[in-house]
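A short worksheet on the structure shown next.
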Amino acid sequence: MVAMTVPAGNTSTLLSPARVAWRGRRWSDLALWAVSLGFMLLGTGALLLIVLYVAAEALPALKQAGGLKGLLFVLPWEPLAEPPSYGILHAWLSSLLVTALSLLLAVPVALGVAIFTSEIAPPLLRGLLRPCMELLAGIPSVVYGFFGYVTLIPLFENSFGLAAGECILAAGLILSVMVLPFVASTATEALRGVPGNLRESAYATGVTRWHVIQHVVLRQAAPGLFAAIVLGLARALGEALAVLMLAGNATAVPHSPMDRGQPITALILTELGEAGVDSDKYHALMAAGLLLMVITVVINLTVLALKRRMLSRHV
Amino acid sequence: MSKPQSPPSLSVAYLGDRFATVLVWLTGLLALALPLAILGFLAVRGMHVMCWEFLLSGPSGVPLGSAGGIGPAILGTLYLVGMGLAVALPLGVGGGIYLSEFAPCAFWVRLLEFAAECLGAIPAVIYGLFGYALLVVFLAMNISLLAGGLTLGMMMFPIILIGSRAALAAVPSLERESALALGVSRSWVARRILLPRAWPGIAASAVLAAGHAAGSAAPVMFTASTVFTVTNPAMTTPVMTLPTHLYNLVSEAVSFDHAYGTALVLVVGILLVNALSMLLRRRLPEHY
Amino acid sequence: MINMTRWLFIKATALALLAITSTHALAEDGVLRVGGSTTLLPAISTAASDFMEKYKTWNKVAPNLPEKPVIIFVTGGGSSFGVKSVLNGTVNIGMVSRDLKDKEVSSLGQHQTYLVGKDAVAIASSAKNPMAATVKQLSGDEVVRLFAGETAYYSELVKKLPKREIVLLTRDAGAGSTEVLQEVLMKGKQISPKALQLPSQGALLQKLKNNTLAIGYISSGLVSQSDGALKSYALDGVSPSNENVLNGTYKLARPLNLLVKDVPDAYAKAFVDYVLSDGQAVVDSLGYVPAKR
């Protein structure tokens with residue numbers, strides 16, 4: 001709610017606080033204004049610099065790959081070939097597969113958890129679930145990767161007879177656990193936002209609880225739920241260490257969840273060390289990073305827009 | 001909300017309701033069990049390596065890391081996060097003060113906040129990519145605490161900015177306006193009224209950002225970390241960090257026992273930090 | 001007043017943060033950074049650790065050096081990373097487990113390479129691999145087809161073996177061993193993109209030990225140190241032993257070099273001299289061919 005209102009400190013609509021300070025010769029105020037503005041610009045400027053720098057360094061990759069189509073769809077990743085080629089098809093396809101798989105697994109469970117928390121759970125369990133979700137969200141990526149490495153990989157190799165346990169499925173499974181708390185908490189927020197009177201009037205007609213949930217609550221909360229899914233997508237795309245350790249790190253284009261893949265984040269971590277700055281490989285890696293960044297930022301923008309719509313519905 | 005009465009007959013709707021409720025209960029219990037299972041697994045496998053020697057001394061043995069401890073890694077992580085906070089806190093709090101006190105109109109505030117949230121969505125590996133290219137190579141900082149700390153600081157900045165902005169804006173305008181009406185300057189208001197009221201929220205977001213940064217390996221892998229060090233961290237030297245040390249132990253198969261121990265230390269550390277953040281947030285309502 | 005204590009707390013925290021991040025009086029002088037090949041990593045880290053133990057300060061190494069503590073940072077990253085880092089100036093000494101390419105020689109300009117040992121890139125698998133019992137050697141062609149991904153199952157390699165999938169393990173593109181395999185054997189053919197890329201020799205060792213269906217190319221020193229857990233295969237009848245590396249009959253032999261740009265400074269020279277003298281025992285103990293022999 002706070003984000004929607006005029007900032008609390010701005011009481012003057014005619015003159016900005018900085019102008020007032022200048023007029024009144026309030027030097028301490030001016031100093032604070034200058035310092036805070038400076039810091040604001042420094043911080044935001046640094047972040048903007050990151051975006052621009054990566055974009056600038058990514059451009060040569062387009063030229064050397066012969067256009068966007070070549071970079072994204074045609075060229076294979078063969079740094080040792082003569083001449084070397086740096087196409088990132090396998091990378092973004094792997095990212096897509098891993099992310100899709102993780103969402104496929106995480107979203108139903110997260111939805112269930114959200115419904116559980118907001119509609120069905122007794123207060124004791126409700127109070128326990130929140131810290132549990134925060135716990136899950138707090139475990140770092142490298143620990144998840146380690147956990148998957150010692151549990152899933154041997155499981156796949158021994159019990160399922162896979163030749164090598166590392167595959168997109170393994171990465172997707174662990175990623176779904178990583179993404180679960182974020183999707184669940186946003187979905188819970190969305191469900192909680194449904195006004196009580198809507199629920200009560202639905203119950204008053206005599207239908208079952210699940211009927212109310214299905215036809216009234218979920219329908220009302222739909223934009224927020226969509227935002228939750230999209231948020232999960234953004235988080236899954238950005239994960240680096242866990243997929244590096246679990247997806248197999250192979251440069252072939254994956255065709256199924258049982259194949260090995262190399263998502264964009266894993267590609268960057270693997271190849272950055274030996275990519276000399278300003279080499280062709282470096283530009284290709286920057287291009288992959290730019291792709292990732294653009295997709296992630298666009299997704300987050302969508303989430304923000306959806307969240308605002310979610311809030312505005314109930315204000 | 002009153003508990004709804006279920007219909008008496010064995011209708012389809014009744015069965016459907018029961019079935020769905022069971023499913024939802026299962027997911028809820030799964031959600032409760034997952035973190036405990038993961039944590040328990042790590043604890044059971046890693047507990048036996050825990051001792052003061054493990055936490056304080058450096059890696060030893062052949063291959064390096066199979067004996068000894070992870071002391072330098074803990075220290076390195078603390079230094080890196082400290083440095084990152086030293087960069088991100090002033091920038092974030094300053095920005096928050098600007099957004100809540102001095103921004104000329106709502107449009108600017110929304111735009112800048114929007115920009116911050118978008119930029120805050122950048123994945124951690126991109127910060128590592130940028131840090132390596134610009135800080136380590138181009139600015140010749142080399143792989144060092146300085147480069148890694150700056151990278152982490154940039155990563156923490158959006159979280160702290162948004163958190164402090166929210167905390168400052170949550171202070172009721174009544175207090176601001178009555179002070180201003182009495183004729184004090186805005187800097188006095190900021191110093192004596194806003195910051196004391198908002199500091200739990202600011203600290204909570206700072207602590208959250210610190211926990212997130214402490215566990216990230218991707219930004220520091222190419223900007224600050226080294227496999228082995230014996231010295232105390234300094235600005236120009238690389239440091240061992242907990243997440244990269246864990247990654248090295250696992251990928252080089254040096255010692256899985258120590259890997260469990262490192263993972264346990266990392267997770268418990270971050271959990272404590274998050275718990276601190278939650279405690280701080282709970283202190284907010286006191287002041288109203 | 002409550003506000004004053006809170007303000008004091010903030011000031012104290014800020015001071016503490018600043019104290020933590022203050023620069024110690026440690027200059028770059030006396031700090032050596034070494035990085036590159038993961039084959040050389042265990043040997044050089046142990047040598048560095050021994051060197052730091054033996055001489056605590058630089059003036060004990062050579063009397064004309066200042067009394068600064070000996071600090072050496074060793075990191076992996078692959079041979080190409082080592083060369084690039086020497087070029088960039090991010091390391092003082094690069095570890096390179098292959099010959100330098102012409103392009104690298106021209107970018108480096110003046111440089112020095114010091115041979116610290118020799119190593120064979122062995123085709124290896126777990127001792128429990130389906131072909132470990134019966135197959136003793138592989139021909140060059142078979143190896144090329146294997147790593148190009150054309151041989152998918154063990155039964156295609158040797159008729160009597162079960163139809164199990166062959167899991168290929170490789171190092172990533174920047175590794176010295178990969179370059180050697182590519183240059184000497186594969187020539188124009190690309191290594192199968194389906195192969196699992198591992199980040200270091202240590203990871204490769206671990207995976208080969210654990211996965212009985214895996215075949216990879218790994219430093220022969222690691223095979224001989226594995227206490228029988230791994231088995232290596234003779235290439236065209238020549239086994240990857242140290243003797244065959246020395247007399248030049250094993251095709252996939254490679255030098256283990258330390259690379260320095262321009263002329264090494266006194267600190268780098270001192271450490272390199274140590275590796276070439278006392279450090280050779282470490283090289284030998286890890287299964288490589290010491291340089292002097």
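The values are calculated or read from the model by the stated rules, or taken from the named source; none is laboratory data. Since this is a predicted model, take the numbers as computed values, not measurements. When we count neighbours, we look across all protein chains shown, and the Cβ atoms used for this are built from the backbone with ideal geometry, even at glycine. Please note that ligands, DNA and RNA were not included when accessible areas were found on the heavy atoms of the full protein model with its side chains. Shrake-Rupley method; radii C 1.70, N 1.55, O 1.52, S 1.80 Å.
Is it the case that some residue within segment A:92-101 is assigned by TED's automatic domain parsing to the domain that holds A:L269, open to solvent by 10 Å² or more (accessible area, probe 1.4 Å), touching a Ser or Thr at 6+ places or on another chain (Cβ under 7 Å) and at pLDDT 90 or above?
The answer is no, given that none of the residues of segment A:92-101 is assigned by TED's automatic domain parsing to the domain that holds A:L269, open to solvent by 10 Å² or more (accessible area, probe 1.4 Å), touching a Ser or Thr at 6+ places or on another chain (Cβ under 7 Å) and at pLDDT 90 or above.
Pick from A:L246, A:L290, A:L269: which is without any contact (Cβ under 8 Å) to a residue 40 or more places away in the chain and either under 21 Å from the mean Cα position of the chain (by Cα) or open to solvent by 30 Å² or more (accessible area, probe 1.4 Å) (or both)?
Selected residue: A:L269, the only one of A:L246, A:L290, A:L269 that is without any contact (Cβ under 8 Å) to a residue 40 or more places away in the chain and either under 21 Å from the mean Cα position of the chain (by Cα) or open to solvent by 30 Å² or more (accessible area, probe 1.4 Å) (or both).
When you go through C:V283, C:V272 one by one, which is the residue that is in a helix (DSSP H, G or I), within 30 Å of C:V143 (Cα to Cα) and hydrophobic (A, V, I, L, M, F, W, C)?
C:V283 is the lone residue from the list that is in a helix (DSSP H, G or I), within 30 Å of C:V143 (Cα to Cα) and hydrophobic (A, V, I, L, M, F, W, C).
Can you tell me how many residues in segment A:272-286 are assigned to a helix (DSSP H, G or I) and open to solvent by 10 Å² or more (accessible area, probe 1.4 Å)? Before you say what the answer is, go through the steps one by one.
Keep residues of segment A:272-286 that are assigned to a helix (DSSP H, G or I), which gives A:280-286.
Keeping just the survivors that are open to solvent by 10 Å² or more (accessible area, probe 1.4 Å) gives A:280-281, A:283.
Here the count works out to 3.
Quick one: B:P104 ticks every box in (1) more than 30 Å from A:E271 (Cα to Cα); (2) more than 7 Å from every other protein chain (Cβ to nearest Cβ); (3) open to solvent by 40 Å² or more (accessible area, probe 1.4 Å) bar one, so which box is it?
Exception for B:P104: condition (2).
Could you identify the single residue in B:L168, B:L150, B:L119, B:L161 that is out of contact with any His (no Cβ under 6 Å at 6 or more places or on another chain) and closer than 22 Å to C:N88 by Cβ?
Going through B:L168, B:L150, B:L119, B:L161 in turn, the sole match is B:L150.
Return the pairs, sorted by first residue and then second, in which the second residue is open to solvent by less than 10 Å² (accessible area, probe 1.4 Å) and aromatic (F, W, Y), the first residue lies in segment B:154-179 and is more than 7 Å from chain A (Cβ to nearest Cβ) and under 28 Å from B:A218 (Cα atoms), the beta carbons are less than 6 Å apart, and the residues are 6+ apart or on different chains.
Going by the 6 Å Cβ cut-off, the qualifying pairs are B:M155/B:Y127.
Considering every residue within segment A:120-140, establish whether at least one is closer than 30 Å to A:P60 by Cβ and aliphatic (A, V, I, L, M).
For segment A:120-140, residues closer than 30 Å to A:P60 by Cβ and aliphatic (A, V, I, L, M): absent.
Of the conditions (1) open to solvent by less than 30 Å² (accessible area, probe 1.4 Å); (2) over 24 Å from A:V243 (Cβ atoms); (3) touching a Leu at 6+ places or on another chain (Cβ under 7 Å), A:F116 satisfies every one except a single condition; which number is it?
Unmet condition: (3).
Could you give every pair whose Cβ atoms fall below 9 Å, whose first residue belongs to segment A:104-118 and is free of Cβ contacts under 8 Å to residues at least 40 places away in the same chain and facing chain B (nearest Cβ under 8 Å), and whose second residue is aromatic (F, W, Y) and surrounded by fewer than 24 Cβ atoms within 10 Å (Cβ to Cβ), counting only separations of at least 6 or pairs across chains?
From residues that are free of Cβ contacts under 8 Å to residues at least 40 places away in the same chain and facing chain B (nearest Cβ under 8 Å), the pairs are A:G112/B:W25; A:F116/B:W25.
Let's see how each residue does on (1) surrounded by fewer than 22 Cβ atoms within 10 Å (Cβ to Cβ); (2) within 14 Å of chain C (Cβ to nearest Cβ):
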site: A:P195; (1), (2): yes, no
site: A:E200; (1), (2): yes, no
site: A:V207; (1), (2): yes, no
site: A:R219; (1), (2): yes, no
site: A:L231; (1), (2): no, no
site: A:G238; (1), (2): no, no
site: A:T251; (1), (2): no, yes
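Which one of A:L162, A:L180 is assigned to a helix (DSSP H, G or I) and among the hydrophobic types (A, V, I, L, M, F, W, C)?
Working: A:L162 fails: assigned to a helix (DSSP H, G or I).
One residue alone meets the criteria, A:L180.
Please pick out the residue among B:V81, B:V93 that is surrounded by 18 or more Cβ atoms within 10 Å (Cβ to Cβ), in a helix (DSSP H, G or I) and within 12 Å of chain A (Cβ to nearest Cβ).
B:V93
Let me confirm something: among C:V263, C:V223, which residue is open to solvent by 10 Å² or more (accessible area, probe 1.4 Å) and touching a strand residue (DSSP E or B) at 6+ places or on another chain (Cβ under 6 Å)?
Unique residue meeting the criteria: C:V223.
Taking interchain pairs and intrachain pairs at least six residues apart, which have beta carbon atoms under 6 angstrom, with the first residue in segment C:129-145 and farther than 13 Å from C:I215 by Cα and the second charged (D, E, K, R) and open to solvent by 50 Å² or more (accessible area, probe 1.4 Å)?
From residues that are farther than 13 Å from C:I215 by Cα, the pairs are C:S139/C:D236; C:G140/C:D236.
Has segment B:144-163 got any residue that is outside any helix (DSSP H, G or I) and open to solvent by 40 Å² or more (accessible area, probe 1.4 Å)?
Among the residues of segment B:144-163, not one is outside any helix (DSSP H, G or I) and open to solvent by 40 Å² or more (accessible area, probe 1.4 Å), which makes the answer no.
Quick check: anything in segment B:224-235 buried (at least 22 other Cβ atoms within 10 Å of the Cβ), under 24 Å from the mean Cα position of the chain (by Cα) and part of a helix (DSSP H, G or I)?
No, segment B:224-235 contains no residue that is buried (at least 22 other Cβ atoms within 10 Å of the Cβ), under 24 Å from the mean Cα position of the chain (by Cα) and part of a helix (DSSP H, G or I).
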